[in-house]
Amino acid sequence: MKIIYEIAHVKLYVAENDLVELCIEDTEVYDRFDDILPEQFDIEDYSITSEQKNGISTYTMHFTENVDRENLLNAVKSISESEVIEIYKMNNK
């Protein structure tokens with residue numbers, strides 16, 4: 001795995017299969033990214049897997065090989081770490 005970008009509760013990386021994945025902890029944080037990717041950055045071609053770890057839902061967005069990686073990185077960076085932490089704290093009191 002090669003990490004492209006990482007902040008609290010969010011990790012963008014290249015997986016072993018050379019495809020980009022975005023791993024997000026918490027449902028509300030995931031929902032925020034799931035909203036902005038298609039609406040603000042026209043990124044719609046991905047699948048999602050999820051799992052529970054220690055009572056926290058973790059979502060992984062799996063992008064196709066033709067995703068514009070620069071656009072995706074800009075999308076992920078458009079939500080600041082402080083905003084992610086605030087959303088996470090509101091949902092995990």
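For the stretch 38-93, give me each residue that is small (Gly, Ala, Ser) and open to solvent by 40 Å² or more (accessible area, probe 1.4 Å).
Answer for the stretch 38-93, where residues must be small (Gly, Ala, Ser) and open to solvent by 40 Å² or more (accessible area, probe 1.4 Å): Ser47, Ser50, Gly55, Ser78, Ser80, Ser82.
When you look at Val84, is it in contact (Cβ under 8 Å) with a residue 24 or more places away in the chain, touching an Asp or Glu at 6+ places or on another chain (Cβ under 8 Å) and not aromatic (Phe, Trp, Tyr), yes or no?
Spelling it out, it is not the case that Val84 is in contact (Cβ under 8 Å) with a residue 24 or more places away in the chain, touching an Asp or Glu at 6+ places or on another chain (Cβ under 8 Å) and not aromatic (Phe, Trp, Tyr).
Scan the stretch 45-64 residue by residue and report those that are at pLDDT 95 or above and not in a strand (DSSP E or B).
Thr64
Mind listing whichever residues of the stretch 42-68 are of a type in the set (D, E, K, R) and touching a residue at least 40 places away in the same chain (Cβ under 8 Å)?
Glu65, the sole residue that qualifies.
Give the residues of the stretch 1-44 that are among the small types (Gly, Ala, Ser) and farther than 14 Å from Glu83 by Cα, sorted by residue number.
Within the stretch 1-44, just Ala15 meets the criteria.
Specify the residue that is most open to solvent (accessible area, probe 1.4 Å); the eligible residues are those in the stretch 1-28 that are aliphatic (A, V, I, L, M) and outside any strand (DSSP E or B).
Restricting to residues being aliphatic (A, V, I, L, M) and outside any strand (DSSP E or B), the top hit is Met1.
The values are calculated or read from the model by the stated rules, or taken from the named source; none is laboratory data. This one's a predicted model, so the numbers in the text were calculated from it and none came from an experiment. A quick note on method: Cβ atoms are made from the backbone with ideal geometry, for glycine too, and the neighbour counts reach across all protein chains shown. All accessible areas refer to the heavy atoms of the entire protein, side chains included, with ligands and DNA or RNA removed. Shrake-Rupley method; radii C 1.70, N 1.55, O 1.52, S 1.80 Å.
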